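Shown next, in structure tokens, is the structure this report addresses.
No lab work stands behind these numbers, since they all come straight from the coordinates. Computed from a prediction, not measured in an experiment: that's the story for all the values here. A quick note on method: Cβ atoms are made from the backbone with ideal geometry, for glycine too, and the neighbour counts reach across all protein chains shown.
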Amino acid sequence: MLPRVSRQPLAVAPPLLALPLLLARGAAQDAPPVTPASVAESLLAVDRAFSARAAAQPLVDGLLAMFRDDVIVPGAPGRLYRGTDEVRAYLRQGPDADARASWTPIRAGVSADGRHGFTFGFMTATRADGATTPLKYMAYWTREDGGWRVAGSRRARRPDGEAALAVMAPLLPPRLVPPTTDAATRERQRTSLVAAERAFSDRAQLIGLGPAFREFGAPTAVNMGGPASAPYVVGQDAIATLIGASSPQPTSPVEWSTDVALVASSGDLGISFGFIRPNAKAPDGAAGPGSPFFTIWHRASPEAPWRYVAE
């Protein structure tokens, strides 16, 4: 039986808690202005605070304290683990389940409504015997009344050695806007992200994986790289080169589509979860096993095209 994980929200900076009120009524004269940069910095502060707390408890507890009840975590063997019960059972299977972990975010991004965001960076898990596991991580966050919580999380191995902890410039909207609760608007935005992921896959069938990753990537997009890659791979050209080297065919050997998509009400930031599957069928005609994916998307406005920014 795992110890009960505290779900109490961490304290966050007053500007973040005040965001809905300030957006609706204007900032009070004695309150600092809420800006896209201050929201991003508040999200980084929350991520760092969860890291400080996690350093004193088992890895599973430290991560679950961050997660929404309906969190989604891609993992072996080819699954999307959904909800804290499934995720807890999955994490307990790992060799670092009882290790202590800490991490350092190196970039954040936030949506124009201030309700969605992402962070990524470097993590180290340290077991009781002193052995360490160096990792990279990505987290997609949403902010409800209880504060920021992780809706999607991914970790990957990186080589031993020191990580490059230089902070990248945040991905920010030009301005903050009030959230919308209009269901039809939000569904259109979600559907547009699903369509973008499908178009990405369809385009790869025609021009190959490397060129498709170049075409659909943002200039500062990042890819975790493989277990031999210490830093993140940064930029659509570098990512296209990486993907193209692993799959040089003129057309894609795989296809993919979205199972779950979350999009900010401002329509400029979202995440897509789904499965990558080989185009080649098994001898019995069945589709091959899929690999789960996790892609964070951004666009300059609800009218602009979606481009992946982290995956």
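Note: segment 28-73, Cα convex hull, 114 Å³ per residue. Dividing the alpha-carbon radius of gyration of the chain by the rule-of-thumb value 2.2 N^0.38 Å gives 1.00. The sum of -39500 (n - 2.57) across all DSSP H runs of n ≥ 4, divided by the residue count of the chain, sets its helix-only mean residue ellipticity at 222 nm to -9000 deg cm²/dmol. Taking all Cα-Cα distances within segment 259-311, those exceeding 14 Å account for 60%.
The phi torsions of segment 48-64, fed into the Karplus equation with coefficients 6.51, -1.76 and 1.60 and a -60° offset, translate into couplings of 5, 5, 5, 4, 4, 5, 5, 4, 10, 8, x, 3, 4, 5, x, 6, 4 Hz, rounded to whole numbers, with Gly and Pro shown as x. Here the Karplus relation 6.51 cos²θ - 1.76 cosθ + 1.60, evaluated at θ = phi - 60°, turns the backbone of segment 235-242 into coupling constants of x, 4, 5, 5, 5, 4, 5, 4 Hz, with x for every Gly and Pro. DSSP finds beta bridges in the chain, and of those with both partners inside it, around 90 percent are antiparallel.
Other residues within the sphere of radius under 15 Å centred on the Cβ of residue 181, judged by their own Cβ, net out at 0 (K and R +1, D and E -1). For segment 159-240, pairs of C-alpha atoms spaced more than 18 angstrom apart make up 63 percent of the total. Scanning residues 5 or more positions from residue 163 or on other chains, none has an amide H under 5 Å from its amide H, with H placed 1.01 Å from N in the peptide plane. By the Kirkwood approach, averaging reciprocal distances over each pair of separate Cα atoms, segment 32-186 gets a hydrodynamic radius of 16.4 Å. What does the C-alpha gyration tensor say about the overall shape of segment 178-291? Classify as rounded when a/c is under 1.5, otherwise prolate if a/b is larger than b/c, or oblate. Since a/c reaches 1.5 but b/c is at least a/b, the shape of segment 178-291 is classed as oblate.
In segment 126-207 the Cα-Cα distances spread across 10 Å bins starting at 0 as 11, 23, 34, 22, 9, 0 percent of all pairs. For residue 125, nonlocal amide neighbours, meaning residues 5 or more places apart or on other chains whose placed amide H falls under 5 Å from its own, are 133, 135.
Using θ = phi - 60° in the Karplus curve 6.51 cos²θ - 1.76 cosθ + 1.60, the 3J(HN,Hα) couplings for segment 223-230 round to 10, 5, x, x, x, 8, 9, 6 Hz; x is entered for Gly and Pro. Taking amide H as placed 1.01 Å from N in the peptide plane, residue 152 has its amide H under 5 Å from the amide H of 72, 140, each at least 5 places away in sequence or on another chain.
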